[in-house]
1. Counting only residues that are surrounded by 19 or more Cβ atoms within 10 Å (Cβ to Cβ) and assigned by TED's automatic domain parsing to the domain that holds B:G16, give me the helices (runs of 4 or more DSSP H) lying completely in the stretch B:48-151 with at least 1 of them.
2. Here are the criteria: (1) touching a strand residue (DSSP E or B) at 6+ places or on another chain (Cβ under 7 Å); (2) not assigned by TED's automatic domain parsing to the domain that holds A:T195. Tell me which single one A:T112 does not satisfy.
3. Just checking, does the stretch B:186-197 include any residue being assigned by TED's automatic domain parsing to the domain that holds B:F324 and not in a helix (DSSP H, G or I)?
4. Looking at (1) open to solvent by 30 Å² or more (accessible area, probe 1.4 Å); (2) closer than 24 Å to A:K45 by Cβ, can you tell me which one A:T112 breaks?
5. Given the condition open to solvent by less than 30 Å² (accessible area, probe 1.4 Å), in a helix (DSSP H, G or I), within 14 Å of another protein chain (Cβ to nearest Cβ) and not hydroxyl-bearing (S, T, Y), answer yes or no: does some residue in the stretch B:33-46 qualify?
6. So, in the stretch B:282-298, exactly how many residues are among the aliphatic types (A, V, I, L, M), without any contact (Cβ under 8 Å) to a residue 40 or more places away in the chain and open to solvent by 70 Å² or more (accessible area, probe 1.4 Å)?
7. For A:E142, state whether it is of a type outside the set (S, T, Y), open to solvent by 20 Å² or more (accessible area, probe 1.4 Å) and modelled with pLDDT of 90 or more.
8. What's the total number of residues in the stretch A:218-248 that are buried (at least 20 other Cβ atoms within 10 Å of the Cβ) and among the acidic types (D, E)?
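The values are calculated or read from the model by the stated rules, or taken from the named source; none is laboratory data. Quick caveat: nothing in here was measured; it's all calculated off a predicted structure. With ideal geometry, Cβ positions are generated from the backbone for all residues, glycine too; neighbour counts draw on all protein chains shown. Ligands, DNA and RNA are stripped out before the accessible areas are found, and what is left, the full protein with its side chains, is counted by its heavy atoms. Shrake-Rupley method; radii C 1.70, N 1.55, O 1.52, S 1.80 Å.
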Amino acid sequence: MATESVIEVRDLTMRYGSRLIQENLNFSVQRGDIFVIMGGSGCGKSTLLKHLIGLSVPARGQILVNGEDFFTASPDRQTAIRRNWGITYQRGGLFSDLTLAENVAVPLQQYTELSQAEMAELISYKLALVGLHGFEDYYPSELSGGMQKRAALARAIALDPELLFFDEPSAGLDPLSSRRLDELIVQLSESMGGTVVIVTHELASIFSIANNSVFLDAETRTQLDYGNPRELLYHSRYPLVRHFLSRGGTDNPPPGSPGDRP
Amino acid sequence: MTDRDEHTSFTVTADGDGIVLHLKGDWTSAAAPPGAAALRDACQSQSSPSGDWRVSSAADFRWDSTVASRLFALALYCDRQDIAFDTSALPDNLQKLLGLATAVKQPPAPPAPPPGLAAQLKAAMHSVQDSAVEFLAFLGAVVLALGATLLGRSQARMRDLLYFIEQCGPKAIGIVALISVLVGMILAYLGAVQLSNFGAEVYVANLVALGMVREMGPLMTAVIMAGRTGAAYAAQLGTMQSNEEIDAITTLGLSPVEYLVVPRLLALVLVMPLLVIFANIIGLAGGGLVAAGMDVNIAQFIDQARSSVTLGDIATGLFKSLVFAGLIAIAGCQAGLASGRTSAAVGNATTRAVVHAIVYLVVADALLNIIYNLLGV
């Protein structure tokens, strides 16, 4: 497959006011990648995601999505770019006053001209894809945490996005639910031909789904390493990265050994 | 690459092994392909010795979620009718997606239907009853917590008290001043029109002074504080509820009423009389301005106002403000603590806090006026 950058981050510096979060970030995400942003707590992973999805403006540097700078694009163009993104937030971000069907319908109503019947068909299909067949009329608060995460995923994939962003998809889920969600993400991205960017520090997820990653360091406030996490585990130049990926013990085999992925 | 002149089409044929649905051309959403019902009807119009349905696609077949949703609807239909639905001739990715979608067959129990009219009326009656009981229970809890505070055995965080006093006192002065000066002017205009018929303009001062001190000062300040502070209390506590902070307070062995409600209530009760005194003075100034425009000079106005208002009048107004402050804090805190955990629930709690507070205020004001009348103060 010809590699082609979907996201290119050049010399990015992120700040909150005068507080430096990260600087000199340089990496790119190729089409079809499952790309993980990892690092210890408080290193700025979620902040980086907020920059990638256009919610925060970089203090310096550029983020190119399909060769285009989101922040200098016109408002109409920004909307068009956002149409190709699907995002699930750390706590799901489902609208609590809408049912699941209405939640999934929001992007459809915004961007398509489907009839009621077609929309209902599509919503039923999207919910079934994430294993929530028949939950159309439930409110988010009536579901478990894992189901809410999956419902958020159904809303994110409503428009067949080319780019899927996840902020800590497995936060607050038990290992089995979290693994099923990981598998779902892989299956969906493979069959839809999409690119996935995930913020996580779950080692199990990192090793079982990622094929590229960037490691952010909270100490030096910059990216420490960049590459396939399974290679970084053994061959990273930085002890800190090897340490992080082996959960503090370099002798233990990683959870989810190499070659686990179908 | 596919040709541009391809078009969306399908054929349905029947053979000995079943009915075959063959999809050709562009089936992406842009091409607005036929709906699931059309496909289903076409398949049903054929008959075959075997009831099975198969879907296949031509080489130029292009697809996205739209066709997947159609096929999923067909699959569900076939599942209900016990028809075998074979998708193995479709592109691999589409097959995988349909496999994922049909993996969970058992739909959950539908959510409970909304109750009928009779049930709703009954529920509404009960909720009025319940809210009365809840109000009394909450009032009791607050009184107990205040008692504990007075005896010095409270868990209330007194550091918070200063913060809340600042929030509902100094920061509310601007809005209270604005509303009071206008209310004073309104009272003056109201009286001036009538009194000028008798050449008794100077009594505008009596009207404004008594009106502000006994009634409008406490009531208008309370309405402002209900919207400003009562709503804020409900939103704070509601957000704490959704953030599980209230749970944390309870499991840490603290009482939410003592820890959270007492400082808020005390702050409001301490600040309200001061705000009312301020509102009275500003209201009188507003009335004085209007009176000055009607040839009642300021000295006359002050003199007249001073002679008409007794210390008892001021005291009745201030007592009202204490009661109002308590009611606003209780309405706000009760709504916040009883809030659900969703963003919509926090919004509802805030609405309830303001509506309840204003109802409590008006009812309490009427009751207090009756009592004052009976006591002759």
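1. B:65-81, B:92-101
2. Of (1) touching a strand residue (DSSP E or B) at 6+ places or on another chain (Cβ under 7 Å); (2) not assigned by TED's automatic domain parsing to the domain that holds A:T195, only one is false for A:T112: (1).
3. Looking for residues that are assigned by TED's automatic domain parsing to the domain that holds B:F324 and not in a helix (DSSP H, G or I), one finds at least one in the stretch B:186-197, hence yes.
4. (2)
5. yes
6. 1
7. No, not satisfied.
8. Final tally of qualifying residues: 1.
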